[in-house]
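The values are calculated or read from the model by the stated rules, or taken from the named source; none is laboratory data. Computed from a prediction, not measured in an experiment: that's the story for all the values here. Quick reminder, even Gly has a Cβ in these numbers, built from the backbone with ideal geometry, and neighbours come from all protein chains shown. All accessible areas refer to the heavy atoms of the entire protein, side chains included, with ligands and DNA or RNA removed. Shrake-Rupley method; radii C 1.70, N 1.55, O 1.52, S 1.80 Å.
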Amino acid sequence: MSFAWAKPYEPTSPFMKWVDERLPVPRLVYGAIGGGYPVPRNLNYFWNFGVLAGLALMIQIITGIVLAMHYYSYAGGAFDSVERIMRDVPAGWVLRYVHQNGASFFFAIIYIHIFRGLFYGSYKAPREMVWMLGVTIYLLMMATAFMGYVLPWGQMSYWGAQVITGFFSAIPVVGEPLRIFLLGGYAPDQAALTRFFSLHYLLPFIIAAVTILKIWALHIPGSSNPTGVDVKDEKDTLPFHPFYTAKDGFGIGVALLIFSIFIFFLPYSLGHPDNYIEANPLVTPAHIVPEWYFWPFYAILRSFTVDFILPAKLWGVLAMFSAVLVLFFLTWLDRSPVRSSSYRPVYKIFFWVLVADIIVLGYVGQAHITPLNVALGQVASAYYFLHFLIILPLVSKFERPLPLPNSISESVLHGEKQESAPFGLATTGSTTAAPAAAE
Amino acid sequence: MVRIIGFFIGLGFVGVLLLSLIVNGVDSIKNPPPATAEEEFHLGAKDVRFASDGAFGRFDREQVQRGFQIYKEVCSACHSLKYVSFYQLKDLGYNEAEVKAIANQWAIEVPTVNPETGEPSTRKALISDRFPSPYANETAARAANNNALPPDLSLITESREGGAHYVYSLLTGYRNQQGYRNAKGQELLKEFPDVKTPAGLHFNPYFANLNIAMPPPLTSDGQVTFADGTKSTVDQMAKDVSAFLVWTAEPTLENRHRAGWVTMLFLLTATVLAYLAYRNLWANAKREVSVRGPLEPAFRERMNEQKAERGIAG
């Protein structure tokens with residue numbers, strides 16, 4: 001699809017030829033994930049995570065469809081039906097553990113995938129749309145995971161739903177009526193459970209649809225790569241199949257091994273014990289915490305504690321949503337034309353500080369509220385916004401990037417000996433330049 | 001434009017956060033939060049080992065049977081076990097006749113409807129029944145227990161931090177509050193004179209708020225006479241009933257471990273093969289231009305010809 005040298009589809013059997021002439025799906029697949037998609041030859045293992053995310057989505061959809069055959073979205077019986085799945089449905093416990101831990105598996109992959117994008121500048125031209133569709137998927141995943149967590153109707157399900165839908169009541173005037181409208185009542189109950197189930201079933205298919213758009217958008221410029229240098233000619237690429245299918249096969253094996261450790265040996269390690277207590281609107285759990293993948297956002301939410309012009313709660317909600325939405329604007333916040341942080345000595349440092357910052361936020365998100373934890377959360381939340389909204393634009397303005405390799409094939413085949421200009425600044429013809437300073 | 005707006009939004013958030021930091025900081029220095037008795041005196045679960053722990057864990061059937069005996073003779077007076085059915089006891093090594101006898105002789109009968117009069121009534125348990133609850137409903141349960149509700153025990157080891165280790169610690173954790181000291185040597189009633197256990201509750205430092213409504217259920221050695229002759233010390237009974245409650249929470253635990261090892265072995269083999277295939281395929285790709293597929297010299301020549309025809313250089 002993307003490059004002039006992409007190999008066109010040539011049916012090998014009369015049958016495929018027959019099909020291809022009438023419905024060119026074989027051609028589509030070949031161009032998307034077959035030999036017809038040229039991929040930079042220097043991708044490292046971080047590029048495995050896109051395919052892994054697709055795998056995780058498929059696992060969730062398949063196990064979810066089967067679980068839905070046994071689950072009842074009835075507030076008086078949802079908890080019991082999950083226990084029935086665990087105890088009486090043949091292999092039900094496997095399905096349930098896979099699906100429950102599968103959400104964590106999916107998020108772990110997505111987080112690595114997102115940080116890969118941040119490090120290697122995958123949000124920059126010409127891949128802005130790919131990035132924004134990715135952020136959309138991330139938002140949809142959060143909604144799906146939240147609603148899925150409500151379905152077993154345990155204590156954390158119930159009180160999590162109470163807290164999250166409570167965000168809406170922070171909005172002035174319309175907030176409270178809106179919350180009641182969304183829940184179908186004053187508190188989570190039958191109406192909320194049924195609609196959450198319905199939407200939890202729907203959203204993964206929307207995620208799948210956005211994923212298709214995302215792959216489509218990706219195949220126009222083609223995959224990025226660790227040098228961030230554009231593909232210049234055929235020597236820079238390898239066909240997706242068999243080279244990257246083989247590499248992804250290995251990646252899938254490793255990922256499933258790690259996943260299996262959790263499913264079979266640590267199935268409770270990522271959940272909260274309170275969710276094995278049936279929902280009870282009269283008993284508030286001592287310590288309401290969301291699942292680990294929401295901890296950093298929960299920390300940001302809780303860090304706003306003073307009413308300054310707006311009520312503290314509204315600040316918290318606005319900040320929490322902004323923390324995700326800021327990702328949509330990265331392309332415009334980071335003006336550096338160099339994509340890969342390997343050639344951005346200053347940004348690279350801030351990237352790792354950001355990673356540490358988000359880990360601190362995650363810690364604070366699940367910790368007990370003590371003065372020290374609150375202070376830590378406030379500093380870390382402030383840094384989060386400082387990074388994206390202030391440091392990033394400034395660094396990209398003043399930083400002097402290191403010399404880039406001339407081309408991908410050169411960096412792979414002969415070591416990074418020659419410079420090249422980044423996207424948009426490329427001068428025609430390669431300049432012979434001094435050896436790279438940093439190695 | 002995006003950068004300017006972003007800059008001000010960023011300043012706004014950072015400003016309010018710093019304000020929050022200062023306000024909270026000053027506040028917590030001026031009025032440091034008081035230490036609570038729970039913080040200072042609550043204990044984490046004791047370190048015990050159960051046969052079901054770890055990746056190779058399996059149930060110790062004899063121990064779980066002893067634990068069932070304790071549930072039957074002690075705990076079932078107050079606690080239900082609603083997700084477990086009598087027939088499942090076969091998994092513990094009881095035979096069909098034994099399970100039938102257990103169900104038939106169960107002290108609590110199962111609610112039913114009198115087929116002649118339609119009046120509510122009770123009947124003897126069948127092996128297909130779940131364990132019947134000792135109380136008709138929550139109100140009855142509370143009325144009998146000083147307004148506390150004895151929780152259903154089927155999932156207790158999953159619904160508490162520490163699982164079976166916690167249950168064991170709780171059962172063996174009752175102490176005399178008078179003169180009780182923690183590891184730091186602080187005396188509870190000296191430090192917190194007003195946390196004295198109210199009447200009807202029992203001091204137990206393993207319970208989250210230190211005072212539990214359950215009277216110590218296992219009080220003396222020999223309370224239960226084990227069928228297999230094991231000496232029934234309080235410690236032994238507590239351990240055994242905890243092991244039983246691991247089973248009730250997850251009767252499929254052994255399947256899970258077994259299936260886990262089979263899956264791991266399969267995946268490991270598949271992954272090694274996938275790795276070898278990958279290395280084999282890539283052996284030359286990094287070092288020199290591959291001679292397969294579209295990079296094949298013949299193919300490239302054809303491409304170049306096509307390009308030349310179309311008048312594109314290079």
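Screening the stretch A:317-414 for helices (runs of 4 or more DSSP H) wholly inside it with 1 or more residues that are under 30 Å from B:E38 (Cβ atoms), more than 9 Å from every other protein chain (Cβ to nearest Cβ) and out of contact with any helix residue (DSSP H, G or I) (no Cβ under 8 Å at 6 or more places or on another chain) returns the ranges A:345-366. For the stretch B:251-286, filtered to residues that are within 9 Å of chain A (Cβ to nearest Cβ) and in a loop (DSSP other than H, G, I, E, B), the residue that is modelled with the lowest pLDDT is B:K286.
From the list B:A208, B:A243, which one is among the hydrophobic types (A, V, I, L, M, F, W, C) and assigned to a loop (DSSP other than H, G, I, E, B)?
On the way: B:A243 fails: assigned to a loop (DSSP other than H, G, I, E, B).
The match here is B:A208.
So is A:P172 in a helix (DSSP H, G or I), on the phi < 0 side of the Ramachandran plot and open to solvent by 50 Å² or more (accessible area, probe 1.4 Å) or not? Before you say what the answer is, go through the steps one by one.
On the way: in a helix (DSSP H, G or I): no; on the phi < 0 side of the Ramachandran plot: yes; open to solvent by 50 Å² or more (accessible area, probe 1.4 Å): yes.
Answer is no for this residue.
Can you confirm whether the stretch A:220-233 contains a residue that is open to solvent by less than 40 Å² (accessible area, probe 1.4 Å), within 30 Å of A:I390 (Cα to Cα), hydrophobic (A, V, I, L, M, F, W, C) and touching a residue at least 40 places away in the same chain (Cβ under 8 Å)? Yes; the residues of the stretch A:220-233 include at least one that is open to solvent by less than 40 Å² (accessible area, probe 1.4 Å), within 30 Å of A:I390 (Cα to Cα), hydrophobic (A, V, I, L, M, F, W, C) and touching a residue at least 40 places away in the same chain (Cβ under 8 Å). Restricted to the stretch B:256-280, and to residues there that are of a type outside the set (A, V, I, L, M) and loosely packed, with under 12 Cβ neighbours inside 10 Å, the residue that is nearest to the chain's Cα centre (by Cα) is B:T269.
For the stretch A:81-139, give me the residue count where each residue is away from every other protein chain (no Cβ under 13 Å) and basic (K, R). Residues that pass the stated criteria total 3. In the stretch B:29-63, the residue that is nearest to B:D240 (Cα to Cα) out of those that are outside any loop (DSSP other than H, G, I, E, B) and in contact with a Ser or Thr (Cβ under 9 Å, 6 or more places away or on another chain) is B:Q63.
Against the numbered list (1) open to solvent by 20 Å² or more (accessible area, probe 1.4 Å); (2) under 16 Å from B:T36 (Cα atoms), B:P205 comes up short only at (1). Contact map, the stretch A:282-295: first residue free of Cβ contacts under 8 Å to residues at least 40 places away in the same chain, second residue in a helix (DSSP H, G or I) and open to solvent by less than 50 Å² (accessible area, probe 1.4 Å), Cβ cut-off under 9 Å, separation 6 or more or different chains; pairs are A:A286/A:D274. Taken over the stretch A:246-259, the criterion of being of a type in the set (D, E, K, R) and more than 7 Å from chain B (Cβ to nearest Cβ) is satisfied by A:D248 alone. Restricting the stretch B:83-101 to residues that are buried (at least 16 other Cβ atoms within 10 Å of the Cβ) and in contact (Cβ under 8 Å) with a residue 60 or more places away in the chain, the residue that is farthest from the other protein chains (Cβ to nearest Cβ) is B:L92.
The residues of the stretch B:133-156 that are within 12 Å of chain A (Cβ to nearest Cβ), farther than 20 Å from B:H202 by Cβ and open to solvent by less than 60 Å² (accessible area, probe 1.4 Å), listed by number, are B:D152, B:S154, B:L155. Selection of helices (runs of 4 or more DSSP H) fully inside the stretch B:109-194 by the criterion of at least 1 residues being of a type in the set (S, T, N, Q) returns B:138-144, B:163-171.
Looking at the stretch A:211-240, which of its residues are among the charged types (D, E, K, R) and within 7 Å of chain B (Cβ to nearest Cβ)? Step through it out loud before you land on a result.
We begin by selecting, within the stretch A:211-240, every residue among the charged types (D, E, K, R); these are A:214, A:230, A:232-236.
A:E234, A:K235 - these are the residues of the stretch A:211-240 that are among the charged types (D, E, K, R) and within 7 Å of chain B (Cβ to nearest Cβ).
Selection over the stretch A:70-93 of residues that are open to solvent by 40 Å² or more (accessible area, probe 1.4 Å) and either closer than 25 Å to B:Y87 by Cα or among the hydroxyl-bearing types (S, T, Y) (or both) gives a count of 8.
For the condition touching a residue at least 60 places away in the same chain (Cβ under 8 Å) and farther than 22 Å from A:H113 by Cβ, what is the one hit in A:V82, A:V29? Reasoning before the result, please.
Values: A:V29 fails: touching a residue at least 60 places away in the same chain (Cβ under 8 Å).
None of the other options fit; the residue is A:V82.
Looking at (1) open to solvent by less than 30 Å² (accessible area, probe 1.4 Å); (2) outside the structural domain of B:F244 (by TED's automatic domain parsing); (3) under 29 Å from B:R258 (Cα atoms), which one does B:Y71 not meet, given that it meets all the others? Result: B:Y71 fails condition (2) only.
So, A:G148, is that one under 23 Å from the mean Cα position of the chain (by Cα), assigned to a loop (DSSP other than H, G, I, E, B) and surrounded by 18 or more Cβ atoms within 10 Å (Cβ to Cβ) or not? Taking the combined requirement at face value, the residue does not satisfy it.
Which members of the stretch A:260-279 meet the condition of being assigned to a loop (DSSP other than H, G, I, E, B) and within 7 Å of another protein chain (Cβ to nearest Cβ)? Full working, then the answer.
If we filter the stretch A:260-279 for residues that are assigned to a loop (DSSP other than H, G, I, E, B), which is where we start, we get A:266-272, A:277, A:279.
Within the stretch A:260-279, A:Y268, A:I277 meet the criteria.
Yes or no: B:A164 closer than 29 Å to B:S85 by Cβ, modelled with pLDDT of 95 or more, out of contact with any Gly (no Cβ under 6 Å at 6 or more places or on another chain) and exposed (fewer than 15 other Cβ atoms within 10 Å of the Cβ)? No: the conditions fail for B:A164.
All conditions in (1) farther than 30 Å from A:S341 by Cα; (2) surrounded by 16 or more Cβ atoms within 10 Å (Cβ to Cβ) hold for A:I65, with the sole exception of (2). A Cβ distance below 6 Å, combined with a sequence gap of six or more or placement on separate chains, defines the contacts here; from the stretch A:332-357, residues that are touching a residue at least 60 places away in the same chain (Cβ under 8 Å) and within 14 Å of A:F388 (Cα to Cα) reach residues that are open to solvent by less than 50 Å² (accessible area, probe 1.4 Å) and of a type in the set (F, W, Y) in the pairs A:F351/A:F119. Here A:G102 fulfils each of the conditions (1) open to solvent by 30 Å² or more (accessible area, probe 1.4 Å); (2) under 28 Å from the mean Cα position of the chain (by Cα) apart from (1). When B:T233 is tested against (1) more than 30 Å from A:D274 (Cα to Cα); (2) more than 14 Å from chain A (Cβ to nearest Cβ); (3) at pLDDT below 95, just one condition goes unmet, and that condition is (3). Taking the criterion of being over 28 Å from A:G54 (Cβ atoms), part of a helix (DSSP H, G or I) and charged (D, E, K, R), the residues of the stretch A:77-110 that qualify are A:D80, A:E83, A:R84, A:R87.
Does A:F243 meet the test of being open to solvent by less than 30 Å² (accessible area, probe 1.4 Å), in contact (Cβ under 8 Å) with a residue 12 or more places away in the chain, of a type in the set (A, V, I, L, M, F, W, C) and facing chain B (nearest Cβ under 7 Å)? Considered against the rule, which asks whether it is open to solvent by less than 30 Å² (accessible area, probe 1.4 Å), in contact (Cβ under 8 Å) with a residue 12 or more places away in the chain, of a type in the set (A, V, I, L, M, F, W, C) and facing chain B (nearest Cβ under 7 Å), A:F243 comes out as yes.
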